[in-house]
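Read through the structure below, which is laid out as structure tokens, and then see the notes.
The values are calculated or read from the model by the stated rules, or taken from the named source; none is laboratory data. Just so you know, these numbers come straight off a predicted model, no measurement behind them. A quick note on method: Cβ atoms are made from the backbone with ideal geometry, for glycine too, and the neighbour counts reach across all protein chains shown.
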Amino acid sequence: MRWIRWVAKPLVFLACLIPAARLGIGALNAVEGWHVAGISLGADPVKTMLHTCGRWTLNFLMITLCMTPLRDLTRSFIWMRFRRMFGLFAFFYVLAHFSVYLLLDQSGKLGALWQDIVKRPYITIGMLGLLLLIPLAATSTAKAQRRLGRRWTQLHRLIYLVLILGVWHFWWQVKKDIREPLLYACGLTLLLGYRLWKQRQAMARLSAARPPSSGAASAAGTR
Ligand code: HEM
């Protein structure tokens, strides 16, 4: 299916860049002499950048994990052709999120970052999420997948943990209105619940197909 490779994938790729492009244009608008109508980073540009990149990290983690249920529901493998791209965009946005935090919010001071990691639990959790995404991004190529075999699937299950940490990180920093992190937590529960349900179904099918053990067979024979 050439159209996926040459049309759908480039279009989806460009669409995934829209939030970053809007931030870039918003940042340029802050510079004198530039103005693209309708795009502004508001009164606190650093916060806007930090929050937008954090949100899109979560969104892309969720979108990545939606690909398997969509494949099962539509009985079409097409979704899986986009999964790696979405996962890598989650990594791209978390790197941007972290860079804005370190370079603009903390003025590049590694000591301040360390203090935050130690003192603020939601930062510790976010950092853990970022660190766990690194091996997933590093082994995202088809070559690494072939080389690691079954271990690749096991390693990439870490994405569930990253999503849990991401939602937790968001929940922990919200002071009063928990509606938005709650929405993400519901999405997370659905996505993980679907996987658990599928696993149970597969196990039930396996035990139904398994021939009775020799002990049970002989006991049945004597009855
Ligand atoms: C998988 C990793 C991560 C995810 C999914 C994530 C996601 C998010 C989300 C959704 C928000 C809230 C955005 C909003 O309120 O609109 C946020 C805020 C924030 N995140 Fe992360 N984040 C991650 C990693 C990190 C890391 C590594 C750091 C820094 C070391 C970090 C620092 C922050 C800070 C400082 C805020 C803003 C808190 C505030 O405004 O009070 N995050 N993040």
Taking the stretch 91-111 and keeping residues small (G, A, S) and either near the ligand (Cβ under 9 Å from one of its atoms) or part of a helix (DSSP H, G or I) (or both) leaves A96, S99, G111
Check whether at least one residue in the stretch 119-135 is loosely packed, with under 12 Cβ neighbours inside 10 Å and free of Cβ contacts under 8 Å to residues at least 24 places away in the same chain, and report yes or no. yes
Failed condition for D177, given (1) touching a Ser or Thr at 6+ places or on another chain (Cβ under 7 Å); (2) modelled with pLDDT under 95: (1)
Selection from the stretch 23-61 of residues under 20 Å from F89 (Cβ atoms) and either more than 10 Å from the ligand (Cβ to nearest atom) or surrounded by fewer than 17 Cβ atoms within 10 Å (Cβ to Cβ) (or both) yields L23, G24, I25, G26, A27, M49, H51, R55
If you take just the helices (runs of 4 or more DSSP H) that sit entirely in the stretch 131-185, which of them hold at least 1 residues that are near the ligand (Cβ under 9 Å from one of its atoms)? 158-173
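Residues of the stretch 118-130 being in a helix (DSSP H, G or I), within 9 Å of the ligand (Cβ to nearest atom) and not polar (S, T, N, Q), which ones?
Going residue by residue through the stretch 118-130, those that are in a helix (DSSP H, G or I) are 118-119, 121-130.
Restricting the remaining residues to those that are within 9 Å of the ligand (Cβ to nearest atom) gives 122-130.
Of everything in the stretch 118-130, those that are in a helix (DSSP H, G or I), within 9 Å of the ligand (Cβ to nearest atom) and not polar (S, T, N, Q) turn out to be Y122, I123, I125, G126, M127, L128, G129, L130.
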